[in-house]
Amino acid sequence: MIQIVSVGLVTAIAAMLLKSLKPDLAFAVTICGGIILLLCAVDLLKDTVSVFWEIADTTGLDASLIKLLLKMIGIGYLTEFSSQLISEFGSPSVADKVVLCGKIMILLLSVPIVKSLLELIQCFLAFV
Amino acid sequence: MNIGILFKIAAVGLIVTVICQILKKSDRDDIATVVSLVGLVIVLTVVVQMIGDLFEEINGIFQIYG
């Protein structure tokens, strides 16, 4: 935890220092600091994902559902990171478009799940 | 591993600024702009490589194949 905080502080200081000297290098330093922090976060995330798979095996859930779920989380994570990166470059309108596309992709992924849910309900209704 | 990259980029920025100042003082402004461009290109290649690593890492976990 301390490592993450120290990386954040060092990035902020380096960016502030470079802003006065060379503004375009300053945003490169902020982006690199952000990436370093995200790499630490991804390492932490690795363990939780393996727990996900263990739960899936024990409960006998369909592996494709878990894969879709993880894909959605990944897409959310990536779109959040890249939209902030783009707004850092100074064009928030493009960042909003990236977020919109991310949402649409997640919606696209959720269609098969909804379909399987409806089929499940239909076969329940068939019993009634 | 990765905190060093941050210092490298800051160092490149500082060196490029110093060189530009020196070149400006000895009134060779065209070389100064070229040097600052080269510095920027170096930094951007490092940044792009880091973004590539991050995306690979995320792909390894979430299998997005994005």
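What follows is calculated from the coordinates using simple rules that are stated; it is not laboratory data. Only a predicted model underlies this, so the values are computations on that prediction, with no experimental measurement involved. Reconstructed Cβ throughout: ideal geometry from the backbone, glycine too, with neighbour counts over all protein chains shown.
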**Asked** Could you give the Stokes-Einstein D for chain A in µm² per second, using the C-alpha Kirkwood radius, 25 °C, 0.890 mPa s?
**Response** 137 µm²/s
**Prompt:** Setting aside same-chain residues fewer than 8 positions from residue A:97, which aspartates and glutamates have a Cα under 17 Å from its Cα?
**Reply:** A:80, A:88
**Message:** Please compare each pair in A:71/B:8; A:67/B:8; A:22/B:25; A:67/A:103; A:19/B:24; A:103/B:8 to a cut-off of 29 Å on the Cα-Cα distance and tell me which ones are over it.
**Reply:** A:71/B:8; A:67/B:8; A:103/B:8
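Diagonalise the Cα gyration tensor of chain B and give the resulting equivalent ellipsoid semi-axes, square root of 5 times each eigenvalue, largest first, whole Å.
35, 12, 4
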**Dipole magnitude of the protein assembly as shown about its Cα centre (Cβ charges: Lys, Arg +1; Asp, Glu -1), debye to nearest 20** = 480 debye
**Request:** State the answer as a single residue: which of A:51, A:126, A:70 lies farthest towards the positive end of the charge dipole of segment A:37-128, with beta carbon charges of +1 for Lys and Arg and -1 for Asp and Glu, about the Cα centre.
**Result:** A:126
**Asked** Does anyone have the angle between helix B:3-25 and the longest principal axis of chain B? Alpha-carbon axes, 0 to 90°, nearest 10?
**Response** 20 degrees
**Acute angle (nearest 10 degrees) that the helix A:2-21 long axis makes with the longest principal axis of chain A, alpha-carbon atoms** = 50 degrees
**Message:** Going by Cα centres, segment A:1-55 and segment B:9-23 are how many Å apart?
**Reply:** 24 Å
**Complete:** Projected onto the charge dipole of segment B:3-62 (unit charges on the beta-carbon of Lys, Arg, Asp and Glu, signs +1, +1, -1, -1), the Cα from B:42, B:22, B:32 with the largest positive-side position is that of B:22
